[in-house]
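Trainee: Got a structure for you, written out below as C-alpha cells; questions coming shortly.
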Amino acid sequence: MKILFLTVLLALLAASVAAVIPQQKPVLVTYPEDTPAHVLDEAKHAIMEAGGFITHEYHLIKGFAATAPSRVIDTVRALGAEWNALVEVDGEVHAMHENGGRDPLDL
C-alpha cells in the first residue's frame, strides 16, 4: 500500500513540474545586414531572460540559433519588426512531408 501511495505521489509531482516548465522550441532568428548590433542583443537578452539559451551565433549572416520558450517568440518578432527579423523553427527540412503531413516550419 505504501508503494502504491508513493508511486501515485511521484506521478503527481512529475506532472505538476512538467506543467510549470515552459515548452522550448529551437528557432533561427535572422536580420538584414544593416540591422544594428543592439537589436540582436535585445532579442538574445529577451530569450535568455525567458529561460531560453543561445545555441549558435552566426557570423556570415546577422543572426543566431536559440532554444526559446514559446511565449518569447512573439516578443523577439516584435523587437525586430522594424528591421524585418525572420524567426523560424530550426530543424530538419524535407522536400516531402515525412512527418505525417505536418509542415516542419509551423511554430
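Trainee: Every residue in the range 19-67 that is farther than 11 Å from W83 by Cβ, in a loop (DSSP other than H, G, I, E, B) and out of contact with any Pro (no Cβ under 8 Å at 6 or more places or on another chain), please.
Mentor: I21, H59, L60, I61
Trainee: For the range 78-97, enumerate the residues that are outside any helix (DSSP H, G or I) and touching a residue at least 24 places away in the same chain (Cβ under 8 Å). If you could, list the steps in order and put the result at the bottom.
Mentor: Narrowing the range 78-97 to residues outside any helix (DSSP H, G or I): 80, 84-97.
The answer is G80, N84, A85, L86, V87, E88, V89, D90, G91.
Trainee: Quick check on my filter: what residues within the range 3-24 are loosely packed, with under 10 Cβ neighbours inside 10 Å, at pLDDT below 70 and not aliphatic (A, V, I, L, M)?
Mentor: Answer for the range 3-24, where residues must be loosely packed, with under 10 Cβ neighbours inside 10 Å, at pLDDT below 70 and not aliphatic (A, V, I, L, M): F5, S16.
Trainee: Need the failing condition index for T75 against (1) under 13 Å from Q24 (Cβ atoms); (2) assigned to a helix (DSSP H, G or I); (3) among the hydroxyl-bearing types (S, T, Y), just the number.
Mentor: That leaves (1) as the condition not met.
Trainee: What residue, among those in the range 25-45 that are touching a helix residue (DSSP H, G or I) at 6+ places or on another chain (Cβ under 8 Å) and closer than 17 Å to D90 by Cβ, is surrounded by the fewest Cβ atoms within 10 Å (Cβ to Cβ)?
Mentor: For the range 25-45, the residue satisfying everything is K25.
Trainee: To continue, here is another question. What is the number of the single condition among (1) closer than 15 Å to P32 by Cβ; (2) at pLDDT below 95 that F64 does not meet?
Mentor: Of everything listed in (1) closer than 15 Å to P32 by Cβ; (2) at pLDDT below 95, F64 misses just condition (2).
The values are calculated or read from the model by the stated rules, or taken from the named source; none is laboratory data. Remember, it's a predicted structure, so these values are computed and weren't measured experimentally. Here the Cβ is made from the backbone with ideal geometry for all residues, glycine too, and neighbour counts use every protein chain on show.
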